[in-house]
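Some notes on the structure that comes next.
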Amino acid sequence: MLAKRIIPCLDIKDGKTVKGVNFENLIDAGDPVELAKRYSELGADELVFLDITATNEKRKTTVELVERIAREIFIPFTVGGGIKTIEDIRSILNAGADKISINSQAVLNPGLIKDCVKYFGSQCIVVAIDAKKIDDDYYVFINAGKKNTGLKLIDWAKEVEEMRAGEILLTSMDADGTQKGFDIDMNNLVSNNVSIPVIASGGAGADSKHFIDLFEKTNVDAALAASIFHFNTLPVDVLKNDLKMHNIKTR
């Protein structure tokens with residue numbers, strides 16, 4: 001088994017870290033700079049920063065906050081939210097991010113992904129996909145989960161790969177914030193049908209078994225979580241030690 005990655009996620013709103021359930025009922029989860037520093041020190045493999053209201057509020061990600069976080073950490077750092085242009089990406093990378101994550105604009109303007117790959121390379125382009133199960137299939141949502149695109153998840157994931165994005169950050173809207181475990185079926189659907197790395201998001205609880213099941217039952221490359229790390233119910237270093245005891249290597 002290749003080494004897996006454990007990735008804390010900072011969902012940012014009004015400069016603060018927040019967390020909700022099924023993309024709703026957001027609560028304050030702490031100072032993003034302090035949380036980022038703590039995760040770096042505890043051995044997180046990477047960090048993701050998502051300005052979750054930037055798209056709906058029609059504004060850009062807060063570059064100043066990205067700069068403050070980048071100064072405090074020594075792990076790869078992905079930033080997303082409100083990214084629409086090559087210049088937006090350049091500003092975020094110059095602020096200290098290693099990768100950028102594009103969600104809504106990837107669907108609305110697929111040419112942006114191709115341009116990003118051309119200018120910056122596949123290695124720093126992550127396409128985030130929020131998906132929800134409707135009847136017997138999974139569909140892609142945008143605008144912070146508020147708009148159903150009508151796109152089937154598997155079709156969009158394959159298109160993302162064809163556009164040479166470096167990774168897919170896949171969030172289960174049904175599992176988000178529930179702490180009942182990752183959506184194994186959804187993650188298998190994507191990870192078994194694309195060759196680029198898949199980061200699983202949505203559903204991680206305080207039981208390390210959620211992560212063990214994910215890595216043993218799917219081909220995903222990384223697991224992302226938020227509230228269990230923010231509120232210290234399952235510290236990063238404890239989780240990584242539990243994974244090691246189950247012969248699951250992390251970076």
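The values are calculated or read from the model by the stated rules, or taken from the named source; none is laboratory data. Note that the structure is a prediction, hence the values are computed from the model and not measured. As a convention, Cβ positions derive from the backbone with ideal geometry for all residues, glycine included, and neighbour counts pool all protein chains shown. Each accessible area value is taken on the protein alone, full model and side chains, heavy atoms only, with ligands, DNA and RNA left out. Shrake-Rupley method; radii C 1.70, N 1.55, O 1.52, S 1.80 Å.
Computing FRET efficiency as 1/(1 + (r/R0)^6) for R251 and F231, where r is the C-beta to C-beta distance and R0 is 22 Å, gives about 0.35. Under 10 Å, Cα contacts only: if you run a Gaussian network model on the chain, which one of T233, T17, T149 comes out with the highest mean-square fluctuation? In this elastic network of the chain, the residue with the biggest mean-square fluctuation among T233, T17, T149 is T233. These residues, E72, E87, go from largest to smallest accessible area, 1.4 Å probe, as E87, E72.
Note down the magnitude of the dipole of the chain about its Cα centre, charges +1 on Lys and Arg C-beta and -1 on Asp and Glu C-beta and zero elsewhere, to the nearest 20 debye.
It comes to approximately 380 debye.
Using R0 = 22 Å, the C-beta based FRET efficiency linking A206 and K244 works out to 0.75. Potential lengthening of the chain between S91 and K133 amounts to 11.6 nm, from the contour at 0.36 nm per residue minus the alpha-carbon distance. Surface exposure of the chain, expressed per residue as accessible area with a 1.4 Å probe, stands at 43 Å². With a simple spin-label model that places each label point 7 Å from the Cα along the Cα-to-Cβ direction, the separation between L42 and E161 comes to 3.3 nm. Relative to the current alpha-carbon distance between K217 and K16, full extension at 0.36 nm per residue lengthens the span by 68.9 nm. For the chain, the fraction of 1.4 Å probe accessible surface lying on carbon and sulfur atoms is 47 percent. Dipole of the range 101-251 computed with +1 at Lys/Arg Cβ and -1 at Asp/Glu Cβ about the Cα centre; of C124, N193, F211, farthest Cα towards the positive end is C124. Other residues lying with their Cβ under 9 Å from the Cβ of Y139 contribute a combined charge of +2, Lys and Arg counting +1, Asp and Glu -1. Each distinct pair of alpha carbons in the chain adds a 1/r term; the inverse of their mean, the Kirkwood radius, is 17.7 Å.
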